[in-house]
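Below: one structure, written as structure tokens.
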Amino acid sequence: MDLGLSGKVALVTASSGGIGMSVAKSLAREGADIVLLARSSDKLQQLATLLREEYHVRVMPVVGSMLEPADHDRLFSSIESEFGRLDIAVLNTGRPPSPLRDALAEADGSRWQQSYETLLACIIAITQRAYPLMVANKWGRMIALTSASVHLPMPHHALSSVFRAGVEAYMRHLSSEIGAAGITVNCVAPALIDSSHREATLSYSAEQTAKRTAMSALKRLGTHEELASVVTFLASVPAGFVTGESLRVDGGMVTAALHH
Ligand SMILES: NC(=O)c1ccc[n+]([C@@H]2O[C@H](COP(=O)([O-])OP(=O)(O)OC[C@H]3O[C@@H](n4cnc5c(N)ncnc54)[C@H](OP(=O)(O)O)[C@@H]3O)[C@@H](O)[C@H]2O)c1
């Protein structure tokens, strides 16, 4: 299937590593030009070089934070001057504060505030900047990465679920407000994706990994590539009649839980 992504310009936020990096690779493989945003200059430069060499696409790495309005200004003025357009925005974020805790143990207001800023507020801010560039061409794809914990309470995931439910609600509103401009708006809600790329203190222990694996109907963790492929399809031309959706990529976790 031709995904029609050659020559489209795609912004992928939080993309110096992990899931964001895999999405950037997947879109570049399909011929999209890529704008990267993250704070680690060296990692972004390395990824930009790899994408240019492997996929022969244009890549603009922007070093900055999703939490800094001045960095949003710089990001969007760079997109306008370098490409003059934006077709696709994949809104990935950093993680909620660690360690993960039970809902009632989340009594520290600063962790709620940090989660609001990290998971929800920055997505709203960047979406608002991306919209005018898409509406100018009457074509666009907005895809927010959320979490399947929005659809099924997962142990210790309250901070993630609460604000990502907000992202899903925001995106559903947006899908009906801007659909007439040819812009689709969807969420991809992962769970149980392999996190072993993270440094040991930020990943899961062997015991936690075994529990996570058991929660999936497929009895395995998902790969970054499997998640990135779903995002890439939603970004494509053939996915043009899918909007207002939240698509779980969770190895059947939610369905399996309902089965028990
Ligand atoms: N694994 C799963 O099953 C699963 C399920 C649901 C949701 N998620 C979510 O998916 C997201 C990505 O997960 P991951 O495993 O890829 O995480 P990760 O390996 O920690 O990567 C996070 C990325 O976000 C960037 N980042 C963090 N804060 C940023 C900021 N303020 N501004 C710009 N970029 C920032 C980091 O780059 P810099 O440090 O260079 O800025 C890095 O590239 C997380 O929000 C996670 O909670 C994962």
Report task. Let me know the Rg and Dmax you get for segment 168-260 when you use only its Cα atoms, in Å. Result -> 15.9, 48
Report summary line: To the nearest 20 debye, segment 61-170 has a Cα-centred charge dipole, built from +1 on Lys and Arg Cβ and -1 on Asp and Glu Cβ, of 260 debye
Report summary line: Relative contact order of the chain (C-alpha contacts under 8 Å, at least 6 apart) in percent is 19 percent
**Report entry** Cα centroid of segment 221-244 to Cα centroid of segment 147-194, whole Å
**Finding:** 14 Å
Query raised in the report: Relative to the Cα centre, what is the charge dipole magnitude of segment 122-254, using +1 at the beta carbon of each Lys and Arg, -1 at the beta carbon of each Asp and Glu, and rounding to the nearest 20 debye?
Result: 100 debye
Report summary line: Across Ile126, Ile143, Ile178, the residue with the highest GNM fluctuation in the chain (Cα network, 10 Å cutoff) is Ile178
Query raised in the report: Could you give P(r) for segment 1-140, binned at 5 Å from zero, as whole percent values over all Cα-Cα pairs?
Result: 2, 10, 19, 22, 18, 12, 8, 5, 3, 1
Requested in this report: Quote the charge dipole size of the chain about the Cα centre in Debye, to the nearest 20; the model charges only the Cβ of Lys and Arg (+1) and of Asp and Glu (-1).
Outcome: 260 debye
Report summary line: Unit-weight point scatterers at every alpha-carbon of segment 66-194, Debye formula, q = 0.16, 0.18 1/Å: log10 I(q)/I(0) is -0.82, -0.98
Report summary line: Rg from C-alpha atoms of the chain, normalised by the globular rule of thumb 2.2 N^0.38 Å, equals 0.97
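Over the Cα atoms of segment 142-209, compute the convex hull volume and normalise it per residue, giving Å³.
Enclosed volume per residue, from the Cα hull, is 93 Å³.
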Query - For the chain, built as a Gaussian network whose Cα springs stay under 10 Å, the top-fluctuating residue of Glu68, Glu245, Glu117 - result: Glu68
Query raised in the report: Amide H of Arg39: which non-local residues (sequence gap of 5 or more, or other chain) have their own amide H closer than 5 Å, using H built in the peptide plane?
Result: Gly64
Query raised in the report: Percent of accessible area on the chain owned by carbon and sulfur, 1.4 Å probe?
Result: 55 percent
Report summary line: Of all lysine pairs in the chain that are eight or more residues apart or on different chains, those with Cα atoms under 22 Å apart total 4
Query - Accessible area in square angstrom per residue, the chain, 1.4 angstrom probe - result: 46 Å²
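The values are calculated or read from the model by the stated rules, or taken from the named source; none is laboratory data. From a predicted model like this one, the values you see are computed outputs, not experimental measurements. Glycine gets a Cβ as well: all are built from the backbone with ideal geometry, and neighbour counts include every protein chain shown. Ligands, DNA and RNA are stripped out before the accessible areas are found, and what is left, the full protein with its side chains, is counted by its heavy atoms. Shrake-Rupley method; radii C 1.70, N 1.55, O 1.52, S 1.80 Å.
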